[in-house]
Structures are given as C-alpha cells and as structure tokens.
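Structure first, then comments.
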Amino acid sequence: TRTFDDQSVALILQYMGATGDPSIDAHRLGGKPGTRGFAPFGLWAEHAVTATVEYQVPVAHFKIMTWTLNGYCDSGHVVWNSETLDFVTPGAGTRFYLKSVAFPAVGFDVSYSTHAGRIVTSGSVGMSF
C-alpha cells in the first residue's frame, strides 16, 4: 500500500506445504521474498510459513524507469525431515521498475543471513533467479 508521496509498504505472507516423502516431496526455497537470507534454492521445506515486511522509497523517476531503494525483513518457520528452522533476515535492496516492458522489475538484494552468519545476495528480473 502507498504511505507517503510515492513510498510504499508491503506485507507478504506465504504458506507452502507438501505431503509424502520429505526427501522427494519438498519445496526449494531461497533467494525470493520471504527467504532472501538463503542462497537461491538452498533451503528445502516440507512446510514453510514466511512473512516479509518491505518498505520502498523512490529515489528517481526517469523517462523509461523508476529507481527505488528498499529495506525489508524476511522471517519464517520451516519444517523438513522433522527438523524445524526459525529465521529472521534483515536486508536492503534496489529496484528498477521499467515502463512498457514485459518483465517490469529488475532488482538486487543484499541480506544478512542469521542462519549462515554471512551476507547473501539475490537478484530478480520480473521474477527471482
């Protein structure tokens, strides 16, 4: 939702679940909103609940794009092979919203992973990669 001027705040809640063999029927998480503190596809989960709070501030408006800076905090509860993992991952990033393009957002995020105890980066082009 919009806050002040062109600034915005987003709250993203996700639940993912699988049934069956935890080694086969599992979701791969990482590198996207909710799990940016993990290397892309570096977290397996039978069940996962994630929450993200993100605040974006536009820095500049150009003819072909808008450039924003964002601060966020990803958190979650993950279950895999009867083991649980709780995490909270703060971070910052930037987005370039391109006008009249099929993949409108290009982004780069830098997170501090409390799980790995190091900095983790992730990028997106209309979708996470």
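Each row is one residue, and each column tells you yes or no for (1) of a type in the set (Phe, Trp, Tyr); (2) within 17 Å of THR114 (Cα to Cα); (3) surrounded by fewer than 12 Cβ atoms within 10 Å (Cβ to Cβ).
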| residue | (1), (2), (3) |
| --- | --- |
| THR3 | no, no, yes |
| ASP6 | no, no, no |
| ILE24 | no, no, yes |
| GLY34 | no, yes, no |
| LEU43 | no, yes, no |
| ALA51 | no, yes, no |
| TRP80 | yes, no, no |
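Of these, ASP74, ASP5, which one is in contact with a strand residue (DSSP E or B) (Cβ under 7 Å, 6 or more places away or on another chain) and either of a type in the set (Asp, Glu) or at positive phi (or both)?
ASP74
Just to be sure I understand, how many residues within segment 114-129 are part of a strand (DSSP E or B) and either closer than 21 Å to VAL9 by Cα or open to solvent by 40 Å² or more (accessible area, probe 1.4 Å) (or both)?
Qualifying residue count, segment 114-129: 8.
Quick check on segment 82-113: of everything there that is open to solvent by less than 80 Å² (accessible area, probe 1.4 Å) and in a loop (DSSP other than H, G, I, E, B), which residue is nearest to ASP21 (Cα to Cα)?
PRO104
Contact list please: Cβ distance under 8 Å, first residue in segment 42-57 and within 11 Å of SER75 (Cα to Cα), second residue buried (at least 17 other Cβ atoms within 10 Å of the Cβ) and modelled with pLDDT of 95 or more, pairs at least six apart or on different chains.
none
Going by the conditions given, is THR19 among the polar types (S, T, N, Q) and open to solvent by 30 Å² or more (accessible area, probe 1.4 Å)?
yes
Yes/no per residue for (1) outside any loop (DSSP other than H, G, I, E, B); (2) at pLDDT below 80:
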site: TYR15; (1), (2): yes, no
site: THR19; (1), (2): no, yes
site: LYS32; (1), (2): no, yes
site: GLY37; (1), (2): no, yes
site: PRO40; (1), (2): no, yes
site: ALA48; (1), (2): yes, no
site: TYR55; (1), (2): yes, no
site: PRO58; (1), (2): yes, no
site: LYS63; (1), (2): no, no
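The values are calculated or read from the model by the stated rules, or taken from the named source; none is laboratory data. Values in this document were obtained by computation on a predicted structure and should not be read as measured data. Counting neighbours? That spans all protein chains shown, and the Cβs are built from the backbone with ideal geometry, glycine included. Just the protein is used for accessible areas: all its heavy atoms, side chains included, with ligands, DNA and RNA removed. Shrake-Rupley method; radii C 1.70, N 1.55, O 1.52, S 1.80 Å.
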